[in-house]
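**Student:** A single structure is presented below for examination.
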Amino acid sequence: MAREGRDRGDREDSEFVDKLVHINRVAKVVKGGRRFGFAALVVVGDQKGRVGFGHGKAREVPEAIRKATEAAKRALIRVPLKDGRTLHHDTHGHHGAGKVIVRPAPAGTGIIAGGPMRAVFEALGVGDVVAKSLGTSNPYNMVRATFDALKLQQSPRLVAQRRGRSVAEIISRREGQKGAAELTGA
């Protein structure tokens with residue numbers, strides 16, 4: 001009977017992909033020697049527009065990873081994707097000294113991003129994106145800065161709804177601005 005419950009749990013977990021981004025080992029010196037502790041940073045996503053990250057600490061690596069994965073599943077955010085493969089527009093994100101620039105890319109480009117940011121985009125399900133990390137290389141701050149940028153993503157549908165206009169009007173204005181920029185040489 002316990003086995004049935006476990007199978008159900010496995011199916012439930014199978015919708016999420018988890019990526020281990022970083023493990024940090026710390027040592028506390030005690031009378032008998034060193035006592036080690038581990039901290040894990042994990043990114044979890046369903047590869048359909050939902051992603052989250054979590055941090056877990058424990059005396060053993062598997063326990064730290066499990067705690068981080070549970071924390072990530074509790075902190076999922078939804079990101080609107082264009083054609084299910086890229087982002088809608090450029091965004092900048094920052095957290096502490098970590099600054100990131102995230103840009104949509106044409107089909108076939110792939111994920112052009114550094115380590116921690118790549119894990120976020122793979123879990124999110126983005127296939128084509130160009131991202132650059134400026135400032136710190138600390139994986140915790142890079143992931144938080146990437147999430148800051150992703151939270152700023154808006155689809156044309158959301159913008160149209162907020163402004164009380166149609167989606168066609170919003171998209172036609174965007175295309176009109178691109179045409180004007182090309183004419184002026186900007």
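Please treat every number below as a calculation from the coordinates, not as lab data. These figures come from a predicted structure and were not determined experimentally. In this analysis, Cβ positions are derived from the backbone assuming ideal geometry, glycine residues included, and neighbour counts consider all displayed protein chains.
**Student:** Taking Cα centroids, how far is segment 14-42 from segment 102-164 in Å?
**Tutor:** 26
**Student:** Quick one: 3J(HN,Hα) in Hz for segment 54-70, Karplus 6.51/-1.76/1.60 with θ = phi - 60°, rounded, Gly and Pro as x.
**Tutor:** x, 10, x, 10, 6, 6, 10, 4, x, 5, 5, 5, 4, 4, 5, 5, 5
**Student:** As an exercise, use a Förster radius of 22 Å and the Cβ-Cβ distance of R34 and L76 to find the FRET efficiency, rounded to the nearest 0.05.
**Tutor:** Step by step, r from the Cβ atoms, then E = 0.05.
**Student:** Something else now. How big is the C-alpha Rg of segment 80-184 next to the rule-of-thumb value 2.2 N^0.38 Å, as a ratio?
**Tutor:** Working: Rg = 15.0 Å, N = 105, 2.2 N^0.38 = 12.9 Å.
For segment 80-184, the normalised Cα radius of gyration comes out at 1.16.
**Student:** Right, here's the next one. Enumerate the amide H contacts of L87 below 5 Å, restricted to partners 5 or more residues apart or on another chain; note that Pro and chain-start residues carry no placed amide H.
**Tutor:** K82, A105
**Student:** Treat segment 49-92 as a sphere of radius equal to its Kirkwood radius over Cα pairs and apply Stokes-Einstein at 4 °C in a medium of 1.567 mPa s; give the translational diffusion coefficient in µm²/s, rounded to a whole number.
**Tutor:** The calculation lands on 107 µm²/s.
**Student:** Which order, highest average first, do 75-82, 110-117 follow once you tally other Cβ atoms within 10 Å for each residue and take the mean per peptide?
**Tutor:** In decreasing order of mean packing, 75-82, 110-117 become 110-117, 75-82.
**Student:** If you count, for each residue, the other Cβ atoms within 10 Å and average over each peptide, how do 141-149, 157-165 line up from highest to lowest?
**Tutor:** Numbers: 141-149: 23.9, 157-165: 12.6.
Peptide ranking by packing, descending: 141-149, 157-165.
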